[in-house]
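One structure below.
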Amino acid sequence: MNESLGKHYDAAAAYEKYYDAWEAAGCFKGKPQQPGPTFTMVIPPPNVTGSLHMGHALNNTLQDILARYHRMDGYNTVWIPGTDHASIAVHWVLEREFKKEGTNRFDLGRDEFLKRAWAFKEEAENNILTQLRALGVSCDWERKRFTMDEGLSRAVRECFVRLYEDGLIYRAQRLVNWDPVAQTTLSDLEVIHEEGADGELWSFAYPLADGSGEIVVATTRPETMLGDTAVAVHPDDDRYKSIIGKMIKHPITGREFPIVADAILVDPEFGTGAVKVTPAHDPNDFEVGVRHKLPMINLLNKDGTFNENGGPFVGLDRFEVRRAVKEKIESLGLDRGTEAHKMNIGRSERSGTVVEPMLSTQWFVKAKPLAAPALAAVENGFTKFVPTQWENTYYAWLRDIRDWCISRQLWWGHQVPAWYDDEENVYVGHSEADVRTKHALGDDIKLRQDPDILDTWFSSALWPFSTMGWPDKTPELARWYPTATLTTGFDIIFFWVARMMMMGQYLMGSVPFKDVYIHALIRDKNGDKMSKTKGNVVNPLEMIDKYGCDAFRFTLTAFAAQGRDMRWDENRAEGYSKFVNKIWQAFRFTMSHIGDVEPSELQKFPAAETDSMYNRWIRHKLREAILQYGTSIKEYRFNEAANSIYHFIWDELCDWYLELVKPALYGKAEHGEATKLGVQQTLYLVFHSLARALHPVMPFFTEELWAQLPATEGYIMNATMPKPEDFASEHEAAKEIDFLQSTIVAVRRVRAEFGVPVKENVEVLVRTDASSWETMASHSVALSNLAKATMKALDGGSVPEKSATEVVTDTELFLPLEGLIDFAAEKVRLEKDLKKLDKEINGLRKQLGNQKFLNRAPNEIVADKKSQLSDAEGRETRVKAAIERLS
RNA sequence: GGGCGAAUAGCUCAGCGGUAGAGCGCCUGCCUUACAAGCAGGAUGUCGGGAGUUCAAUCCUCUCUUCGCCCACCA
């Protein structure tokens, strides 16, 4: 026995032993020049602010399984890693630090801020990448990219310029989402709509300028009345027809503005049927403002305080103004009451503050023209979502897409490649020099670059090709684009997947990936989303520590059923760590019994004369497991892949095969020493195959097996996947062993129920046909070892009166257990069996008596049912006879 | 207001029209020289309710109930 085979597998030691060694040996390296079909993936780049969470763990484990599987299956495989600069998230982290230091980014200034940001990035990136390695991911680290690398920044500028020149990027004054805490715009996707918040609908009266009366309006945001430039009513509303066109005098600012008729905005049934219009702070009102050419009064400073348009409330925060306005109006006698009102509030995804719609000049991507090909690509099947249900989500968003605000008033990110002269003319280009050349601007003209940066997702959208060197024409792009599979969570289908689809087709002319595998969300045990604030976060690194990386990965894999969220259950991880141990123990056993064979001999397929029914059977089962495993992985049914192997190893290899071949290994088999070699060769074949098959799921563990297994060379990931063709189908062996198993189980059942001492041998009388008896006799050693039973043919003799009975298909087993059996109990037991049989028989008879069934069901189903029935009937007769004998 | 998903053993969940499964937990008996991180045996289910399609439904269709989630500019 190999000295280094410890009693237990040491997962942490295996990580130490292998991870860096794999990398150093270039195992993960993608080589574009290598032949073969390609399998390419780009990692969803984790934020540099992040630390490894369960989502990452699942996502990257599944990707690693795909990468390792395809690498061993003959594909030219590469998995490109990297990180995302996560603009607003980094700002958020740094701002908190600044606050502790009693400063802020504006006091520090842009240059100092960026220094700090880069320093932070270096440290944080290192952290997340180290954690990813602990998972065992086989990324090509030499190709690691960061979204703000020079190459990727160049890609961003190139993309921006092209879109601009094609008229797909424009600069305009629009109503945007403003985060007054982070002090930047946000895209629509970064605003989280909080449903059903308790709010109030407050009504107040606007006096008409001519003193002829008032008009009552309602609002959930009282402070916006300072920016009202109209009140709208429905043109057909008789209540207001006469006052359309009249002026209102603002009770606080004194401005005068009109009552307008607008059929689009106003629902005469709602409230008073009159709507206050604040074009600079409400999307609907903005449209009204455009339609009626109303002035648009911006009320807010960047930090959410009121600007000079706020009349008496200049400098106050928006929420203070809300209270102040209500008080003022009340004091003027214009308050018309409040009522409770469920409302939706838009909050900033990052800062959590209430987002203000605000009029502002920003850069936008014209989305519709880009969305059309992205939609068509999925409709036409060039890119497939797995599970397909996500295609609906994708369609819905793209069909209704609106322009994308891409400029942010932040500093960490890609600065907008646009320059302005003193007259505010805009020049877009790759650099200031480029702009000067292109537009023939003399040195006398001063240019300043747009201070804003781009939405982080703008650079992420280029990830599948910017990581491969675009816009240059690189060998990588030629060989590896488009990628095979993108694996990600549903929460970024819009943010990322859809945008990569748009940019991929726009810039590369083809989809960025063939498959999009959307994995489920891991929730906590109660089904709640894991979050730091709830304190229910499970740390994957802790799980790795506790159960070992291989068991943890296996757990995630076994959890990964398609299309459904999963609740994390640590019991499962514990269970699978036992599974790892189970394999280890079986392997130790195997190793202790194959050591005396020359490796060259071990590697041979068993010759006919040394082979056995047990070997044929286990190879048949292995073939089935591997077939299922490969298909499952290719179809992204990871849980099925895990289960097929689990079942094979535990329920077939360990529970039966190893037990069945022990006599042969000990030289006690019925066929003598001759069968030993065949068993050793089969054991070798089984472990040699299993290790390779399991490698994608359990990389470290299988490497350890590989290292111990004789006659293996190099690292296991350089070996190839076992194929079903490596083993023949052995249906006869399967049938025979099935019969043997049923017999053993039947004897064990009787033994257990009647408390026959474990070590006591029992004699079993068998009534059956000649060929079944012959089969049974050939397994006498197995029956003796596994059932502690000595089988004797009844041979026309009479059935012993005092015996327990079991029926296995057409074979009857009688166990004369004089003195042990409580015959009343045996009768009860048999009657229970009979009841079950009756139910089965009735069902089958009914079905087979149905002419329609006979006519319409497929022949093999009918034949199957018939044999089931005759089998059941046979057993029924025999069970009945047994009951008779006891009466 | 739209859209999507889920409901299966005590718990967490698989289940690809043809006699209901796994892990954990539970009961009984075992330290059998690979494994007590184990072995053998056992119990537990109107597959959420109702209707339909089908020879046949846990699976397909409709409907109801109960939970999730996503999208959406109603004052």
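Entry remark, segment A:829-862: residues being hydrophobic (A, V, I, L, M, F, W, C) and under 19 Å from A:Ala882 (Cα atoms) number 4 in total. Whether any residue in segment A:596-605 is within 13 Å of RNA strand B (Cβ to nearest atom) and among the aromatic types (Phe, Trp, Tyr) is what I want to check. No; the residues of segment A:596-605 include none that is within 13 Å of RNA strand B (Cβ to nearest atom) and among the aromatic types (Phe, Trp, Tyr).
Residues that are acidic (Asp, Glu), surrounded by fewer than 22 Cβ atoms within 10 Å (Cβ to Cβ), within 12 Å of RNA strand B (Cβ to nearest atom) and part of a loop (DSSP other than H, G, I, E, B) are absent from segment A:288-306.
Of all residues in segment A:192-224, those being buried (at least 18 other Cβ atoms within 10 Å of the Cβ) and either among the β-branched types (Val, Ile, Thr) or in contact with a helix residue (DSSP H, G or I) (Cβ under 6 Å, 6 or more places away or on another chain) (or both) number 8. Among helices (runs of 4 or more DSSP H) entirely within segment A:475-588, having at least 2 residues that are within 15 Å of RNA strand B (Cβ to nearest atom) singles out A:540-547, A:549-559. Per the conditions (1) within 16 Å of RNA strand B (Cβ to nearest atom); (2) at negative phi, the sole criterion not satisfied by A:Ala719 is (1).
Here A:Gly755 clears all of (1) within 14 Å of RNA strand B (Cβ to nearest atom); (2) buried (at least 16 other Cβ atoms within 10 Å of the Cβ) except the condition numbered (2).
Are any residues in segment A:163-206 touching a Cys at 6+ places or on another chain (Cβ under 9 Å) and basic (Lys, Arg), and if so, which ones? Correct list: A:Arg174 only. For segment A:326-364, filtering for residues that are within 16 Å of RNA strand B (Cβ to nearest atom), more than 23 Å from A:His193 (Cβ to Cβ) and part of a loop (DSSP other than H, G, I, E, B) leaves 1. Taking the criterion of being part of a loop (DSSP other than H, G, I, E, B), farther than 20 Å from A:Val314 by Cβ and away from RNA strand B (no atom under 13 Å from the Cβ), the residues of segment A:237-265 that qualify are A:Asp238, A:Ile244, A:Gly245, A:Lys246.
Could you say which residue among A:Pro471, A:Pro451 is surrounded by fewer than 15 Cβ atoms within 10 Å (Cβ to Cβ) and closer than 24 Å to A:Ala86 by Cβ? One residue alone meets the criteria, A:Pro451. Of the residues making up segment A:522-577, those that are over 21 Å from A:Glu16 (Cβ atoms), free of Cβ contacts under 8 Å to residues at least 24 places away in the same chain and surrounded by fewer than 14 Cβ atoms within 10 Å (Cβ to Cβ) number 8. A:Leu815 falls short on exactly one of the conditions (1) under 18 Å from A:Ala882 (Cα atoms); (2) touching a residue at least 60 places away in the same chain (Cβ under 8 Å); (3) surrounded by fewer than 22 Cβ atoms within 10 Å (Cβ to Cβ), and that condition is (3). Screening segment A:646-692 for residues that are more than 19 Å from A:Glu704 (Cβ to Cβ) and of a type in the set (Val, Ile, Thr) and picking the one that is nearest to RNA strand B (Cβ to nearest atom) gives A:Val661.
Each value in this text was obtained by applying a stated rule to the coordinates, not by laboratory testing. What you are looking at is a predicted structure, and each value in this text was computed from that prediction instead of being measured. In this analysis, Cβ positions are derived from the backbone assuming ideal geometry, glycine residues included, and neighbour counts consider all displayed protein chains.
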